[in-house]
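Below is one structure. I have some questions about it.
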Amino acid sequence: MSSPVAGGEQITPRVTSDSTPSLPVQGSLDQGPPDPALIRLERGLFRFSYNEPRSAALLLAATVLALIWANLPGGTYQEFWHTELGVALGPYELSLDLKHWVNDGLMAFFFFAVGLEVKKELAIGELNDRSRAVVPIVAALAGLALPALIFLVLNASGPGAGAWGVVVSTDTAFVLGVLALVGPRRAARLRLFIMALAVTDDIGALLIIALFYTESINLPALGAAVIGFGLIFVLRRLRVARGAGYFVVGIATWVAMYLSGVHPTLAGVVIALLLPVFPPKRQAVERAAQLARAFRQSPSAKYSRAARVGLTTAVSVNERLQIAFHPVNALVIVPLFALANAGITLHLDTLTAAFGSMLTWGIVAGLVIGKLVGIAGAATAVTRARPGSLPPGLTLPQIVGGAALSGIGFTISLFIVDLALTDPVLQDQARVGVFLASLIAAGLGAVIFFAIRGQTRDLGPPLELLRPVDPERDHIRGRPDATYTLIEYGDFECPFCSRATGSIREVREFFGDDLRYVFRHLPLERQHPQAYQAALASEAAAEQGKFWEMHDLLFAHSDALEPEQLRGYAEQLGLDLDAFDEALRTRAHAGRVNDDLVDAETSELTGTPAFYIGDERLTGPYDAQRLIWELSESAPPPPGAITD
């Protein structure tokens, strides 16, 4: 439950793109209530998998365990991971050792999840908007190219030269986990930047694996894999929503890719890119709700199945599979990969050879120096060439710290070690380089962020307005050049915000045309489930020139913001309902709302409504008399006035 603070509502702002998804309901509708203990366990594991520091700690624990196990007497580590395991079907058999089942088999699911995320970001995410994506994309490309160049300068020839791909990729899970521990408190913008950069980084790493680490190709098997991809596309065109069909075809395609000589994990990527991703359609959501109501009124196996199908088809396969695979990847596959690949015998001879090897130092230099200079340098160049390309709250010093952390190359780096090198001695030297680079990068990033905090005297929440009022973007009532400015971050479902509208009306009547009132979004989804959709509805109305009319209606009916009620308000205002529905279905204005949310989180706003008088945050009560007094005090002195 929320509690009032200074007449408002206490919040923990939650950015839609930076939140833990809700746990899916388990079991079918006709199976009866599931075991409460099982639900609690599953929810705990689900939340744990989305907690970046804890997921990074689990990966680190698996790495440490692998190192301890590999250095125990008896050689059980190598013996275990080289145990053969075969699968036979009649005269056909596929036999791999356990390590390759992890690297070639389970990691296909990891890369499948990466492909799902890439597809979503390109289709409806951060990389869909070119203006928002240009800085992280250019920075990521520089962060791919410069590390490889530095490595090749130090390893231009010799058996280790082919390992240049080890230095190109960043381990996003580790970076975000370390960022949460050592980064700035107000790191929402930096985190989004690193996520966008990581998607581009992943695309580059996957292309490198496909193009440069495939030795020979079996054309008939590759043709069979292409047929498998074609079947996936057919299933998509037939609008098959259940994952079972995709899974069966996907396994067959993986086998064909393995036999083709192309690394089989890439099958997961291609399949993920073929799967559809789309915003939920209004008709499908309404249909699912109707079927659920029908089951509630008349529980039966028939209605149970219809309700399950309706709920499934309302959401894209991409998003459902991301939710399903994230905990498996974070809690099982990636730690198991670390356990299978991080075991190095840390004998004196091994370490001496590694520290005397240009292969090791090429990896260290590529990851630590290449990532830092490449990402930070490219971001600086783009922002100087295009002023204003960085979002408010994200600074170049923060990007430098994030670039330093990007030298933590672990999962894909270790993955490419096995592809690029066949000599076990060279593999150990490369792994030492990856470990050493990751430790140096984490320490360097921590030092940079500590220095930033020291320079900015980060002693408390910022009191100045993060993003100046922009008449081209902001919703403004009054003259854009008015003497007085009042800015509100509000939530259409918040009762305190609704009551504050009366105070604001009095203030506007007092100042008249001398006041410009600015409204920005801060929907508190955890407390108010309809607030975010209401914010999108107001922006859909703004697209048709009716923001303030919708704003007033929503606050007048803050307890009635269900989808059909929002549509009723749009009809009442005479909006084009088809355009309104389409804007809500596609979440066309989610970026606008999310920008305000990230501004609020970065500014550490702790309640709604939150007000700024001019550029200064207002603390304490916000009744009409207080607002009028604060605004009057904020006015600049008249020309010629004597000031202290």
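The values are calculated or read from the model by the stated rules, or taken from the named source; none is laboratory data. Just so we're clear, the structure is a prediction, and the values are computed from it rather than from any experiment. Note that each Cβ is placed from the backbone with ideal geometry, even for glycine, and that neighbours are counted across all protein chains shown. Accessible surface is based on the protein model in full, side chains and every heavy atom, while ligands, DNA and RNA are left aside. Shrake-Rupley method; radii C 1.70, N 1.55, O 1.52, S 1.80 Å.
Can you find, within region 555-568, the residue that is nearest to Ala579 (Cα to Cα) among those that are within 30 Å of the chain's Cα centre (by Cα) and open to solvent by less than 60 Å² (accessible area, probe 1.4 Å)?
Restricting to residues being within 30 Å of the chain's Cα centre (by Cα) and open to solvent by less than 60 Å² (accessible area, probe 1.4 Å), the top hit is Leu566.
So Glu601 passes all but one of these: (1) of a type in the set (Asp, Glu); (2) modelled with pLDDT under 85; (3) touching a strand residue (DSSP E or B) at 6+ places or on another chain (Cβ under 6 Å). Which condition number does it fail?
(3)
Something else now. Run Gln322 past the list (1) open to solvent by 20 Å² or more (accessible area, probe 1.4 Å); (2) over 25 Å from Thr172 (Cα atoms); (3) of a type in the set (S, T, N, Q) and report the number of the one that doesn't hold.
Just one mismatch for Gln322, condition (2).
Suppose we filter Ser603, Ser634 for residues that are touching a Phe, Trp or Tyr at 6+ places or on another chain (Cβ under 7 Å) and touching a residue at least 12 places away in the same chain (Cβ under 8 Å); which single one remains?
Ser634
Is region 294-308 home to any residue that is under 21 Å from Val226 (Cβ atoms) and either free of Cβ contacts under 8 Å to residues at least 24 places away in the same chain or in a helix (DSSP H, G or I) (or both)?
no
Suppose we filter region 162-183 for residues that are in a loop (DSSP other than H, G, I, E, B) and within 18 Å of the chain's Cα centre (by Cα); how many remain?
Total satisfying the criteria: 4.
OK, next. Within region 189-201, which residues are within 22 Å of Phe450 (Cβ to Cβ), open to solvent by 10 Å² or more (accessible area, probe 1.4 Å) and more than 10 Å from the chain's Cα centre (by Cα)?
Selection gives Arg189 alone.
The rows are residues; the columns are (1) buried (at least 20 other Cβ atoms within 10 Å of the Cβ); (2) among the β-branched types (Val, Ile, Thr).
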{"residue": "Leu259", "(1), (2)": "no, no"}
{"residue": "Val262", "(1), (2)": "yes, yes"}
{"residue": "Gly268", "(1), (2)": "yes, no"}
{"residue": "Arg293", "(1), (2)": "no, no"}
{"residue": "Arg296", "(1), (2)": "no, no"}
{"residue": "Ser304", "(1), (2)": "no, no"}
{"residue": "His326", "(1), (2)": "no, no"}
{"residue": "Thr352", "(1), (2)": "no, yes"}
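Need pairs with beta-carbon distance below 7 Å; first residue in contact (Cβ under 8 Å) with a residue 12 or more places away in the chain and within region 212-226, second open to solvent by 30 Å² or more (accessible area, probe 1.4 Å) and assigned to a helix (DSSP H, G or I); sequence gap 6+ or separate chains.
As it stands, the answer is Tyr213/Leu419; Asn218/Leu259; Ala221/Leu259, since those pairs meet every condition given.
At pLDDT 85 or above, open to solvent by 60 Å² or more (accessible area, probe 1.4 Å) and among the aliphatic types (A, V, I, L, M), is that true of Leu96?
Considered against the rule, which asks whether it is at pLDDT 85 or above, open to solvent by 60 Å² or more (accessible area, probe 1.4 Å) and among the aliphatic types (A, V, I, L, M), Leu96 comes out as no.
Within the bounds of region 498-506, is there any residue that is open to solvent by less than 20 Å² (accessible area, probe 1.4 Å), of a type in the set (S, T, N, Q), part of a helix (DSSP H, G or I) and in contact with a helix residue (DSSP H, G or I) (Cβ under 9 Å, 6 or more places away or on another chain)?
Looking for residues that are open to solvent by less than 20 Å² (accessible area, probe 1.4 Å), of a type in the set (S, T, N, Q), part of a helix (DSSP H, G or I) and in contact with a helix residue (DSSP H, G or I) (Cβ under 9 Å, 6 or more places away or on another chain), one finds none in region 498-506, hence no.
Considering every residue within region 165-187, establish whether at least one is without any contact (Cβ under 8 Å) to a residue 40 or more places away in the chain, over 19 Å from Phe109 (Cα atoms) and surrounded by fewer than 22 Cβ atoms within 10 Å (Cβ to Cβ). First the steps, then the outcome.
Taking region 165-187 as the starting set, the residues that turn out to be without any contact (Cβ under 8 Å) to a residue 40 or more places away in the chain are 172.
Checking the rest, the ones that are also over 19 Å from Phe109 (Cα atoms) come to none.
No, there is no match, as no residue in region 165-187 is without any contact (Cβ under 8 Å) to a residue 40 or more places away in the chain, over 19 Å from Phe109 (Cα atoms) and surrounded by fewer than 22 Cβ atoms within 10 Å (Cβ to Cβ).
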